[in-house]
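Data block below; observations after.
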Amino acid sequence: MVIGVYGIIGSGKSTVARIFKENFNFKVIDVDKIGHEVLCFPEVKEKLLKEFGDMILKDDGVGIDNKILGDIAFSNKVKKKLLENIMWPFMTKIIESKIKENNRVLIDAAVLYSAGWDKFCDYTIYVYSFVPIIILRLLKKNKYSFIKIYHIIRAQKNIIRDSFRADFKINNSFKLDYIYKKVDCIWKKIST
C-alpha cells in the first residue's frame, strides 16, 4: 500500500507521516530529503550550474546552497519550473526504487500531484492548516521572514488547487490528539 501525503509548507505533512510510521509501520519517503540528496549528483549539479550560474554554490565553491537556490526558485516561476525539470526525474527514480523495497509506504511530498508522484499512490491525503497558524509555525521553526513565507505560499498555490483530488483531508490546525484520531479513522477505512 502506498499513501501520498501532500499540502503546502508548514501544513503538518510530516506530523501525519510520523503518525503513520509510528502507529502502522509505514516506511516514510521524505521527498525533501531526496531533493537534498539529488543536489549532490554530478549530473544534477552540472545542469543547475548551467541554468542558475555559480551564485548557487556554497562558500566552499563545491556544494549547492539550498537556501540561495530556493530563494531564486520561489521568487520566479520560470526558474522554479527549470529547477523542477532538472530535479524531479532523478527524484522519481529514487521514489520508485524505495516503493519497490517496502509494502507499506508513505510519500511525504508537498508537490505530490504537480510532480506526478500520485501515480504511485493507492490513496492520497491532503493536509492543511489555517494560514495564520502556518505563518507562526514557519516564523518559529524555520525562522523565515514574512516576505519569504509569502513567496513560498504564493509559489505553492497549485498545491491548494489540487486539494480536491485527495481521497482524504486532515485539518492540522488543532491539537495533536485530534490529528491522531483523524489518522486512525483514515487507517480504519483503508485497511479493511
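What the table below lists for this structure:
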{"quantity": "Among (1) exposed (fewer than 15 other Cβ atoms within 10 Å of the Cβ); (2) closer than 17 Å to I8 by Cβ; (3) touching a residue at least 40 places away in the same chain (Cβ under 8 Å), the one test that A166 misses", "calculated": "(1)"}
{"quantity": "Those residues of segment 172-192 which are within 15 Å of S14 (Cα to Cα) and among the hydroxyl-bearing types (S, T, Y), in sequence order", "calculated": "S173, Y180"}
{"quantity": "Members of segment 59-112 that are touching a strand residue (DSSP E or B) at 6+ places or on another chain (Cβ under 9 Å), closer than 30 Å to F24 by Cβ and of a type in the set (A, V, I, L, M)", "calculated": "I94, I95, I99, V105, L106, I107, A109, A110, V111, L112"}
{"quantity": "Residue within segment 25-43 that is hydrophobic (A, V, I, L, M, F, W, C), in contact with a helix residue (DSSP H, G or I) (Cβ under 9 Å, 6 or more places away or on another chain), more than 26 Å from Y144 (Cα to Cα) and surrounded by fewer than 16 Cβ atoms within 10 Å (Cβ to Cβ) present", "calculated": "yes"}
{"quantity": "Evaluation of S191 against (1) under 24 Å from L48 (Cα atoms); (2) among the small types (G, A, S); (3) modelled with pLDDT of 90 or more (one fails), failing number", "calculated": "(1)"}
{"quantity": "Search result, residues across segment 169-180 that are in a helix (DSSP H, G or I) and either surrounded by fewer than 11 Cβ atoms within 10 Å (Cβ to Cβ) or small (G, A, S) (or both)", "calculated": "D177"}
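The values are calculated or read from the model by the stated rules, or taken from the named source; none is laboratory data. On a predicted model such as this, the values are computed, not experimentally measured, just so you know. Neighbour counts are summed over all protein chains in view; Cβ atoms, including those assigned to glycine, are modelled from backbone coordinates with ideal geometry.
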